[in-house]
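I have placed the structure first, in the form of structure tokens, so that the comments after it can refer back to it.
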Amino acid sequence: MLTIRPARLSDLEALAETAARAGAPDVSLPNDPRLLERLIALSEDSFAADIDFPGEEQYLLVATDDDALVGAMLVAAAAGYPGADYSFRNETIIHASPELGVNHRMYALTLSHELSGFTLLRPPLVAHDGRRARVERALVQAALAFIAAHPGRFAEDLIAPLPGMVDDEGESPFWSAVGSKFFGVSYREAERLALGKDRSFMAELMPHHPIYVPLLPEGAQNVLGQTRAGYMPTYGLLIDEGFEAERYVDVFDGGPTFCVKRGLARSIRVAQQLPLVVDGTIGRSEPECLLANGEASRFRAVLAPALRRPDGRLATTADAASRLELIDDDEVCCVPA
């Protein structure tokens, strides 16, 4: 049974192997065991702490199937904390001259830190196999269920950035057209320098005047707001959850940043809190749901068959209840898968 829980130090080796196989540093998880160990320690502290408002907390969730680690997802309580989280805001600028009868609307990118303090969901890190879609959706739903259960730990606005397009050599056309002019290094080198660090120190050197999109090389224009082929399933999943990506792009590679109000995310909006009951007749014929308890450090979520009874209780299997550490009549969060 697919089970999602907070990461622990014993997961370090499996997480490091998963991040290394992904080969994309600083997209989902750092591809560095030392940084990953520090992240797990911070996550453990974050889950255990009593929180009144979002700050430096990082919550790392892992998905296991038959006790094997099959995925992970990181949630940052406040993007950029304690500094600023920079992005480019895509704006429309109008140039008009009544005397000449000219009225032009064009896109321009303006450096912005408006997303600072928003809760940030990193893209799930999942093996590219037949289970990917199922595991990825479960991780996103579990993260949103945890956010809904503990609103004081998170911001009202959620953001989810996806990496921008790169060529066969791993270079970003957008970085080549914009960032490299100010730093004089390749995209891969810039990512290496920023790995595990607060990236705001680099964004602060970006131009603070508008960058007119039509003046960029065609290659950079074509990738603006686009993500890599490997992240298109995540793109679709975020759209399904109600996230929108119309206004902000990453300052490094021009990738899209998705935004949604917390209460409008689908998994939060449709979730139901119901009393649980174990039912031995529940089996594969019942629909699969994401079930989660309302704990913090002992947070658990599972994908399991479940059925709402006429009396309002949610019936599921003994295995699911055990993994959730719940008993009959305990409250459980149910999100239709």
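The values are calculated or read from the model by the stated rules, or taken from the named source; none is laboratory data. Predicted, not measured: the structure shown is a model, and the values here were computed from it. Here the Cβ is made from the backbone with ideal geometry for all residues, glycine too, and neighbour counts use every protein chain on show. Ligands, DNA and RNA are stripped out before the accessible areas are found, and what is left, the full protein with its side chains, is counted by its heavy atoms. Shrake-Rupley method; radii C 1.70, N 1.55, O 1.52, S 1.80 Å.
General observations
- Helical contribution to [θ] at 222 nm, DSSP H n ≥ 4, -39,500 (n - 2.57), averaged over the chain, rounded to 500: -7500 deg cm²/dmol
- Taking only protein heavy atoms and a 1.4 Å probe, the accessible area of the chain is 51% carbon and sulfur.
- Solvent exposure of residue 17, expressed as accessible area, is near 90 Å², computed with a probe of 1.4 Å over the protein chains only.
- With R₀ fixed at 35 Å, the C-beta to C-beta distance from residue 107 to residue 133 puts the FRET efficiency at about 0.60.
- Summed over the residues of segment 1-91 and divided among them, the accessible surface reaches 43 Å² per residue at a probe radius of 1.4 Å.
- Per residue, the convex hull around the alpha carbon atoms of the chain comes to 154 Å³.
- Averaged over its residues, segment 269-332 has an accessible area of 51 Å² per residue, based on protein heavy atoms and a 1.4 Å probe.
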